[in-house]
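Please read the structure below before turning to the comments.
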């Protein structure tokens with residue numbers, strides 16, 4: 001039996017193209033957000049509604065991968081006596097919120113006629129901002145409805161969100177992203193009929 005030399009699949013005149021290594025922190029960000037949308041902590045006076053928000057761009061008139069995700073977590077705290085919402089909290093996580101810290105918007109809910117808090121950021125905060133805690137404390141002093149229980153439930157939800165990903169027992173700070181994911185640039189596709197015409 002004779003040895004037949006096979007051609008080198010990687011000849012020296014054609015070096016392998018450089019491919020950048022993916023940032024695992026962005027994958028963990030995606031995973032944490034998806035995992036949080038799979039858990040609903042509704043119980044007693046607390047209503048929790050997680051909403052998945054796919055992110056896509058129509059800049060070329062059509063959608064194509066990669067898709068980034070966003071998510072909303074809507075919380076309501078209902079009164080123990082009349083069962084109407086006393087407070088709503090919306091935590092909105094989306095890569096297009098390019099703020100260095102979570103932004104808080106205090107308003108009134110048009111649906112329930114109660115105070116409403118909007119928390120916007122590209123990642124989930126580790127805890128409720130101080131401004132939100134003070135607002136809820138002032139509301140609790142006025143209503144006497146034990147809103148500290150609502151804050152406890154939200155704090156527990158934050159702990160669930162930041163729970164370590166198996167097999168890690170804790171998150172090293174290096175695995176937490178320091179900036180939002182990049183927004184996708186949709187490549188041109190000559191084989192589709194555009195939904196949006198450029199002027």
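None of the figures in this text is laboratory data; all of them are computed from the coordinates on show. Computed from a prediction, not measured in an experiment: that's the story for all the values here. Heads up, the Cβs are rebuilt from the backbone with ideal geometry, glycines too, and the neighbour counts pull from every protein chain shown.
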| task | Figure the gain on full extension for residue 107 and residue 178 (residue separation times 0.36 nm, minus the Cα-Cα span) and round it to one decimal in nm. | result | 22.6 nm
| query | Each label point is 7 Å from the Cα along the Cα-to-Cβ direction; what then is the distance between the points at residue 133 and residue 52, in nm? | reply | 3.4
| field | Normalised contact order of region 19-149, rounded percent, pairs of Cα under 8 Å and 6 or more residues apart | value | 16
| message | Shape verdict for region 105-153, please, from the Cα gyration tensor: rounded (a/c under 1.5), prolate (a/b greater than b/c) or oblate. | response | oblate
| remark: Within region 68-168, the percent of DSSP beta bridges that are antiparallel, given to the nearest 5, stands at 70
| query | Measuring from label point to label point, each 7 Å out along Cα→Cβ, what is the residue 3 to residue 155 span in nm? | reply | 7.1
| said: Just to be sure I understand the model, the point goes 7 Å from the Cα along the line to the Cβ. What's the resulting residue 144 to residue 98 distance in nm? | reply: 5.0
| note | Taking a ≥ b ≥ c as the square roots of the Cα gyration tensor eigenvalues, with a/c under 1.5 meaning rounded and otherwise prolate when a/b beats b/c or oblate if not, region 68-168 comes out prolate
